[in-house]
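Asker: I have a structure I would like to understand better, so I am pasting it below and will then ask my questions one at a time.
The values are calculated or read from the model by the stated rules, or taken from the named source; none is laboratory data. Note that the structure is a prediction, hence the values are computed from the model and not measured. Backbone-built Cβ (ideal geometry, glycine too); neighbour counts: all protein chains shown. Heavy atoms of the whole protein, side chains included, go into the accessibility calculation; ligands, DNA and RNA do not. Shrake-Rupley method; radii C 1.70, N 1.55, O 1.52, S 1.80 Å.
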Amino acid sequence: MSTPARRRLMRDFKRLQEDPPTGVSGAPTDNNIMIWNAVIFGPHDTPFEDGTFKLTIEFTEEYPNKPPTVRFVSHMFHPNVYADGGICLDILQNRWSPTYDVSAILTSIQSLLSDPNPNSPANSMAAQLYKENRREYEKRVKACVEQSFID
Amino acid sequence: MGDEGETMTNNVSENSEPTANQDELILAQQRQIEKEISDNIPLVGELDSVISLNKEYSTDDIYLEKIKDLASKYSYVRRTRPDGNCFFRAFSYAILEKLLCDKDSFIKFYKIAENSKNVLVELGFQQFTVEDFYDTYMEVLKRLKDIENIGEAKKELHNVFNDQGYSDYMVVYLRLLTSAQLQKEHDFYSCFIEGDRTVADFCHQEVEPMYKESDHIHIMAACSALNTGVRVLYMDRGTGNNVTKHDLPEGCSPTVHLLYRPGHYDILYP
């Protein structure tokens, strides 16, 4: 059945294949276009470098008028990622605009890895270490990077 | 449910976690409220007499007096769903409904709409996403244009605007056109924006996102984008027994008449 959401997701997928941004990839799951798997590669020159972080993106029929639910499946240590993998990012909540697509979502999350916002913490330990003990923060992040190879 | 329980336990065991996923809890509650509204109120309702508004204010003398005044000027009201998109939905519906009775104006409107995607792309909107809304918008306009019988066309308009997928796309596209208008004339509109936000910021935060309510500034820009005028009848608890009318832009001869009650717009008919 073709609905605006499904039609739009086909377009998002096509664009992601034809014009993929560096360091991210994503595709619908085999039997359901409303659920996608995605991977974000840790950005260079950040402690996340070399990590391959897996995510799921769940859309509703209200997409693109409402944002999808995006969640890290890989274990993350980041000031703006909750213990359950949920992401605290304005464009996924109150600043969502229907002009964003999957590409834009993934690249925004990628830049969140490079530039955490410790003032709006979802993981207060990560936020505190990020602000006060950068070495320890990086150590904990590196552990996630290594774990991401195994996951 | 299981997930929530798990998160809570994690929080207790790891003392440093301040919250369950608060964002999701808030969003879930918001969704629940929205669902109650959407289950009970259609996106765009049938015509109802202005006097029917009395039911909503049976014990409120100020409103009852004002409804009496409103009823002396208008006969019917068409309610829209209060979901933050009411202005855009009401405006878009009302203007198309009017145009259906005037083929020449409709064709003119259609031609301007056809070219609007290029205007948006030139302003820096991403072609790929704009195209999605534009295609649907034009599909609806074309469908309406091709129906000869006015009554049939109005019925189709009503159906389209009550089909959430189409209806919301019509709203989004008008939001984009409004945003483009604001940005094109940013010198003028910047005076109306509070704080130190730029017009572009304002558009990204208050105009383009769905469910964001409309203010005076949205209405001015939307009128200007569609090259039309609107009369808004204000009905609130303010002093006096009369509703207050306001034409936008000032001095225009309005094609669309809207009823404003604090936080909400409906369509009015003579």
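Asker: Of all residues in the range B:151-164, how many are over 14 Å from the mean Cα position of the chain (by Cα) and not in a helix (DSSP H, G or I)? Lay out the reasoning, then the answer.
Answerer: The initial filter retains those residues of the range B:151-164 that are over 14 Å from the mean Cα position of the chain (by Cα), namely B:151-160, B:163.
So of that shortlist, the ones also not in a helix (DSSP H, G or I) come out as B:163.
The qualifying residues number 1.
Asker: Kindly evaluate A:P21 against the criterion of being assigned to a loop (DSSP other than H, G, I, E, B), within 14 Å of chain B (Cβ to nearest Cβ) and within 15 Å of the chain's Cα centre (by Cα). Quick ask: steps written out before the conclusion?
Answerer: On the way: assigned to a loop (DSSP other than H, G, I, E, B): yes; within 14 Å of chain B (Cβ to nearest Cβ): yes; within 15 Å of the chain's Cα centre (by Cα): yes.
So A:P21 fits the description; yes.
Asker: Something else now. Given the residues A:V70, A:V102, A:V145, which is the only one that is within 12 Å of another protein chain (Cβ to nearest Cβ), in contact with a strand residue (DSSP E or B) (Cβ under 9 Å, 6 or more places away or on another chain) and farther than 18 Å from B:A28 by Cβ? Outline the logic, then answer.
Answerer: Values: A:V70 fails: farther than 18 Å from B:A28 by Cβ; A:V145 fails: within 12 Å of another protein chain (Cβ to nearest Cβ).
Exactly one residue qualifies, and that residue is A:V102.
Asker: Does B:A200 count as surrounded by fewer than 17 Cβ atoms within 10 Å (Cβ to Cβ) and within 14 Å of chain A (Cβ to nearest Cβ)?
Answerer: Details: surrounded by fewer than 17 Cβ atoms within 10 Å (Cβ to Cβ): yes; within 14 Å of chain A (Cβ to nearest Cβ): yes.
Considered against the rule, which asks whether it is surrounded by fewer than 17 Cβ atoms within 10 Å (Cβ to Cβ) and within 14 Å of chain A (Cβ to nearest Cβ), B:A200 comes out as yes.
Asker: For the range B:120-169, name all the residues that are open to solvent by 10 Å² or more (accessible area, probe 1.4 Å), under 20 Å from B:P42 (Cα atoms), free of Cβ contacts under 8 Å to residues at least 60 places away in the same chain and within 9 Å of chain A (Cβ to nearest Cβ).
Answerer: B:G165, B:Y166
Asker: Something else now. Please work out if B:P262 is open to solvent by 50 Å² or more (accessible area, probe 1.4 Å), of a type outside the set (S, T, Y) and touching a helix residue (DSSP H, G or I) at 6+ places or on another chain (Cβ under 8 Å).
Answerer: no
Asker: Within the range A:62-151, which helices (runs of 4 or more DSSP H) (wholly inside it) include 2 or more residues that are out of contact with any Asp or Glu (no Cβ under 8 Å at 6 or more places or on another chain), free of Cβ contacts under 8 Å to residues at least 24 places away in the same chain and open to solvent by 60 Å² or more (accessible area, probe 1.4 Å)?
Answerer: Details: elements: A:102-114, A:124-132, A:134-150.
The helices (runs of 4 or more DSSP H) meeting that bar are A:124-132, A:134-150.
For every residue, the table says whether it meets (1) away from chain A (no Cβ under 14 Å); (2) surrounded by 15 or more Cβ atoms within 10 Å (Cβ to Cβ); (3) modelled with pLDDT of 95 or more; (4) part of a helix (DSSP H, G or I).
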| site | (1), (2), (3), (4) |
| --- | --- |
| B:E6 | no, no, no, yes |
| B:N10 | no, no, no, yes |
| B:E56 | yes, no, no, yes |
| B:D83 | no, yes, no, no |
| B:L96 | yes, yes, yes, yes |
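Asker: Regarding the range A:24-32, can at least one residue be identified that is under 13 Å from the mean Cα position of the chain (by Cα), open to solvent by less than 80 Å² (accessible area, probe 1.4 Å) and not aliphatic (A, V, I, L, M)? Let's see the steps before the verdict.
Answerer: Initial filter on the range A:24-32 (under 13 Å from the mean Cα position of the chain (by Cα)): A:24-26.
Filter once more, so that each one left must be open to solvent by less than 80 Å² (accessible area, probe 1.4 Å): A:24-26.
Applying the additional criterion that residues be not aliphatic (A, V, I, L, M) yields A:25-26.
Checked against the condition, which is being under 13 Å from the mean Cα position of the chain (by Cα), open to solvent by less than 80 Å² (accessible area, probe 1.4 Å) and not aliphatic (A, V, I, L, M), the range A:24-32 yields at least one hit.
Asker: Would you point out the residue of the range A:1-13, among those that are more than 9 Å from chain B (Cβ to nearest Cβ) and closer than 22 Å to B:Y173 by Cα, that is most open to solvent (accessible area, probe 1.4 Å)? Outline the logic, then answer.
Answerer: To start, the set of residues in the range A:1-13 that are more than 9 Å from chain B (Cβ to nearest Cβ) comprises A:1-2, A:6, A:9-10, A:13.
Then keep just the ones that are closer than 22 Å to B:Y173 by Cα; that gives A:2, A:6, A:9-10, A:13.
On the way: A:S2: 89, A:R6: 70, A:L9: 0, A:M10: 109, A:F13: 46 Å².
Restricting to residues being more than 9 Å from chain B (Cβ to nearest Cβ) and closer than 22 Å to B:Y173 by Cα, the top hit is A:M10.
Asker: Give the residues of the range B:33-55 that are hydroxyl-bearing (S, T, Y) and more than 18 Å from the chain's Cα centre (by Cα), sorted by residue number.
Answerer: Filtering the range B:33-55 for residues hydroxyl-bearing (S, T, Y) gives B:38, B:49, B:52.
Once the filter is applied, which keeps residues that are hydroxyl-bearing (S, T, Y) and more than 18 Å from the chain's Cα centre (by Cα), the range B:33-55 yields B:S49, B:S52.
Asker: Report yes if A:P79 is within 12 Å of another protein chain (Cβ to nearest Cβ) and modelled with pLDDT of 95 or more, otherwise no.
Answerer: Details: within 12 Å of another protein chain (Cβ to nearest Cβ): yes; modelled with pLDDT of 95 or more: yes.
Yes; evaluated as a whole, the condition is true for this residue.
Asker: OK, next. Among the listed residues B:S116, B:S52, identify the single one that is under 19 Å from B:C223 (Cα atoms), in a helix (DSSP H, G or I) and not basic (K, R). Break it down stepwise before answering.
Answerer: Details: B:S52 fails: under 19 Å from B:C223 (Cα atoms).
Unique residue meeting the criteria: B:S116.
Asker: Could you run through the range B:183-192 and say how many residues are within 27 Å of A:P64 (Cα to Cα) and open to solvent by less than 60 Å² (accessible area, probe 1.4 Å)?
Answerer: Summing the residues that are within 27 Å of A:P64 (Cα to Cα) and open to solvent by less than 60 Å² (accessible area, probe 1.4 Å) in the range B:183-192 gives 1.
Asker: If I go through the range B:16-29 residue by residue, how many of them are surrounded by 13 or more Cβ atoms within 10 Å (Cβ to Cβ) and either under 17 Å from A:T60 (Cα atoms) or at pLDDT 75 or above (or both)?
Answerer: Summing the residues that are surrounded by 13 or more Cβ atoms within 10 Å (Cβ to Cβ) and either under 17 Å from A:T60 (Cα atoms) or at pLDDT 75 or above (or both) in the range B:16-29 gives 3.
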